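Below: the structure, in structure tokens.
The values are calculated or read from the model by the stated rules, or taken from the named source; none is laboratory data. Treat the numbers as computed from the prediction; the structure is a model and nothing was measured. Reconstructed Cβ throughout: ideal geometry from the backbone, glycine too, with neighbour counts over all protein chains shown. When the accessible area is computed, the model is the full protein with side chains, heavy atoms only, and any ligands, DNA or RNA have been set aside. Shrake-Rupley method; radii C 1.70, N 1.55, O 1.52, S 1.80 Å.
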Amino acid sequence: MSSDSDPPIEIRRATHGDYEAVADFTSDIWPERGGDYIPRIYHDWLEDEPGQGKKTFLAVVDGEAAGIVQGVMLSEDEAWFQGMRVAADHRRRGVSSRLNEATFEWGREQGATVGRVMVFSWNAVSLGAARASGYEPVTEFRFAHPEPDPDAEGPHRVSSDPTAAWRYWTHSDARDHLDGLGLAPDESWAVRELTRDDFERSADETAVFAVESDDGLAGVGYRTRTVERTADETDSGEPETWAEYGLGAWDGVDAARSLFAAVARDAAALEADATRIAIPETARFVTDAAATGAAISEEPDFVLGIDLTTY
């Protein structure tokens, strides 16, 4: 909580020249979980120049970097806010509130009507700060990790028909639970509303999966990207290639087995070492995934959103 005696907070665009200052105040964040990722990706993360649908905001207090956050436009009216960090010496002084205000205003200037964030479920401090800033809960998901396998098989046929995939998605319980959201094809660790064009583009550029049982459509998935993870980011201590899938949804364990088998074959064809596929965080979906034998992440991720039309 800020007070009248606190020094003023300046908000400006972060630059490559701010790297050392940002790396310094983020270096002690989450050491028990391998440390913060921002110092590792900072230079690639920044926008090269203004006006590209992305802006990284730096909070400065008395000439010292005090906090950072990035805004990204994921569609014409959906803004995504990520990487909120506040230096330990400046917490509870209004820095996060000022950064949020700046990103909300920027989002509205870009035409956004909604802004969203993703917060790890274990990060109670960030969850509380997000709610205090006006965000409301939207949905939750976690990752399943089918092993790449060129010979994986499931009981149902899986096609690459984007029309069938879209049809299943529009009528699925998963879409209701996820509020229509899936991992964004163009931005890592971000979600946005999926459109029919997304399924068409995935079919052309990456991969799309439509599970087809004897009773009709029974599942859907799509690949977003492959991710190169460094030795510091993997449990094995070796560099790995991960195939990422932006959505997994199905009707029943057999459909889940069929979808995961298709994902396993696709990942093997890419010579990926591992996979991650976002699935709805419900008792049915998580236990179905477990029943297939696939590994699942220990904790879900929460998505929160805010109506930007009032800013």
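Can you give the FRET efficiency for ASP62 and THR170, using 1/(1 + (r/R0)^6), R0 = 51 Å, r = Cβ-Cβ distance, to the nearest 0.05? Given R0 = 51 Å and the Cβ-Cβ separation, E is 0.45. What does the charge add up to near VAL208, with Lys and Arg as +1, Asp and Glu as -1, over the other residues with Cβ less than 15 Å from its Cβ? Taking every other residue near VAL208 into account, the sum is -2. Full extension of the chain between SER160 and THR282 gives 41.3 nm of extra length, using 0.36 nm per residue less the Cα-Cα distance. Were the residues from THR241 through GLU271 laid out at 0.36 nm apart, the gain over their Cα-Cα distance would be 10.0 nm. Per atom type, the chain shows carbon and sulfur on 44% of its accessible surface, probed at 1.4 Å.
Full extension of the chain between ASP149 and ARG196 yields a length gain of 14.0 nm, computed as 0.36 nm times the residue separation minus the alpha carbon distance.
With the convex hull drawn over the C-alpha atoms of the range 86-178, the volume per residue is 195 Å³. For the range 149-237, applying the loop criterion from DSSP together with a ceiling of 16 other beta carbons within 10 Å to the chymotrypsin sites (Phe, Trp or Tyr not before Pro) yields TRP189.
Can you give the relative contact order of the range 206-271 as a percent, counting alpha carbon pairs under 8 Å and 6+ residues apart?
30 percent
Convex hull volume of the Cα atoms of the range 1-159, normalised per residue: 178 Å³. Farthest towards the positive end of the charge dipole of the chain, among the residues ILE296, ALA269, PRO8, is the Cα of PRO8, using unit charges on the Cβ of Lys, Arg, Asp and Glu.
In the full protein context, the range 190-306 carries 41 Å² of accessible surface per residue, based on a 1.4 Å probe and ignoring ligands, DNA and RNA. Couplings for the range 187-198, taken from phi via the Karplus curve 6.51 cos²θ - 1.76 cosθ + 1.60 with θ = phi - 60°, read 8, 5, 6, 9, 10, 8, 5, 7, 10, 4, 4, 4 Hz in order; Gly and Pro are left as x. Working from label points 7 Å from Cα in the Cα-to-Cβ sense, the THR230 to GLU10 distance is 3.0 nm. In loop segments of the range 66-161 as defined by DSSP, the GluC sites (Glu not before Pro) with at most 13 further C-beta atoms inside 10 Å of their C-beta are GLU76, GLU153. Projecting the Cα atoms of THR282, GLY51, GLY63 onto the dipole axis of the chain, where Lys and Arg carry +1 and Asp and Glu carry -1 at the beta carbon, places GLY63 farthest toward the positive end. In percent, rounded to a whole number, the relative contact order of the chain is 20, using alpha-carbon pairs under 8 Å and six or more apart.
Over all Cα atoms in the chain, the spread is summed up by Rg and Dmax: 20.4, 70 Å. For the range 3-116, the solvent-accessible area works out to 50 Å² per residue, with a probe of 1.4 Å and every protein chain left in place. A Stokes-Einstein calculation at 37 °C with viscosity 0.692 mPa s, built on the Kirkwood radius of the range 17-94 over Cα pairs, returns a diffusion coefficient of 244 µm²/s. When +1 charges are put on Lys and Arg Cβ atoms and -1 charges on Asp and Glu Cβ atoms, the dipole computed for the range 253-311 relative to its Cα centre reaches about 220 debye. Please give the calculated 222 nm ellipticity per residue for the chain, where each DSSP H segment of at least 4 residues contributes -39500 (n - 2.57) and the sum is spread over every residue; nearest 500 deg cm²/dmol? It lands at -8500 deg cm²/dmol.
Helix 252-269 and the longest principal axis of the Cα set of the chain meet at an angle near 80°. GNM, the chain, Cα, under 10 Å: largest mean-square fluctuation among ASP301, ASP235, ASP198? Among ASP301, ASP235, ASP198, the largest GNM mean-square fluctuation belongs to ASP235. Take the Kirkwood radius over Cα pairs of the range 147-273, plug it into Stokes-Einstein at 20 °C and 1.002 mPa s, and you get 145 µm²/s for translational diffusion. Charge dipole (Cα centre; +1 on Lys/Arg Cβ, -1 on Asp/Glu Cβ; no other charges) of the chain amounts to roughly 680 debye.
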